[in-house]
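Q: I'd like to ask you about the structure that follows.
Quick note: the coordinates plus some simple rules give every number you see, no bench work behind them. None of these values were measured; they are calculated from a predicted model. Cβ: placed from backbone, ideal geometry, glycine included. Neighbour counts: every protein chain shown.
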Amino acid sequence: MIARNKLYLFLSIFSFLFLIIGMFKSFEKVTYLGVTFDIVWIPILTLTLTLPFLNSLEIIKNNDQLNLYYWIALVFNVISMIFILRYFGLGLL
């Protein structure tokens with residue numbers, strides 16, 4: 001059985017690589033509520049928005065041990081968020 005820390009790290013790296021692919025390649029388009037976007041952005045945004053909360057929860061919950069995998073995963077999530085903000089042109093950074 002794979003440990004939770006390695007699973008979160010794998011999902012964070014997977015979402016980061018999926019984000020890079022999604023930025024440079026076009027996929028099938030979906031229209032929802034008048035907004036048209038590529039279908040690849042649904043799992044990317046879901047992973048990028050939920051994984052930081054899960055990683056932070058595990059870091060807070062297991063504060064008596066070294067959580068290197070969780071911290072590396074959290075760094076990948078923050079970098080992914082910055083790329084998403086820059087790609088969509090949101091002026092938060």
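Q: Find which of Leu57, Ser80, Phe37 sits farthest along the positive direction of the dipole of the stretch 5-93, computed with +1 on the beta-carbon of Lys and Arg, -1 on that of Asp and Glu, about the Cα centre.
A: Highest projection toward the positive end goes to Phe37.
Q: Pull out the extension gain between Ile72 and Phe27, defined as 0.36 nm times the separation in residues minus the alpha carbon to alpha carbon distance; nm, one decimal. Don't skip to the answer; put the middle values down first.
A: Numbers: separation 45, 0.36 × 45 = 16.20 nm, distance 2.90 nm.
Contour length minus Cα-Cα distance gives 13.3 nm.
Q: Still on this structure: With springs only between Cα atoms under 10 Å apart, run a GNM on the chain and tell me which of Asn67, Asn77, Asn55 wobbles the most.
A: It is Asn67.
Q: Given labels modelled 7 Å from the Cα in the Cβ direction, how far is it in nm from Met81 to Thr36?
A: It is 3.1 nm.
Q: Further question on the same structure: Which of the following values of Kirkwood radius over Cα pairs in Å was calculated from the structure shown: [x] 14.2; [y] 14.8; [z] 18.4?
A: [x]
Q: In addition: Using just the helices of the chain, give the 222 nm mean residue ellipticity in deg cm²/dmol: DSSP H runs with n ≥ 4 each add -39,500 (n - 2.57), and the total is spread over all residues, rounded to 500.
A: -23500 deg cm²/dmol
Q: Pick from Leu66, Leu33, Leu47: which residue has the top mean-square fluctuation in a GNM of the chain where Cα pairs under 10 Å get a spring?
A: Maximum fluctuation in the GNM of the chain, among the listed residues, is at Leu33.
Q: About the Cα centre of the chain, how large is the charge dipole given +1 on each Lys and Arg Cβ and -1 on each Asp and Glu Cβ? Please answer in debye to the nearest 20. Write out the running numbers ahead of the final one.
A: Working: 6 positive and 4 negative charges, 14 e Å.
Approximately 60 debye in magnitude.
Q: If the reach is capped at under 24 angstrom between alpha carbons, list the lysines near Lys61, excluding any in the same chain fewer than eight residues apart.
A: Lys6
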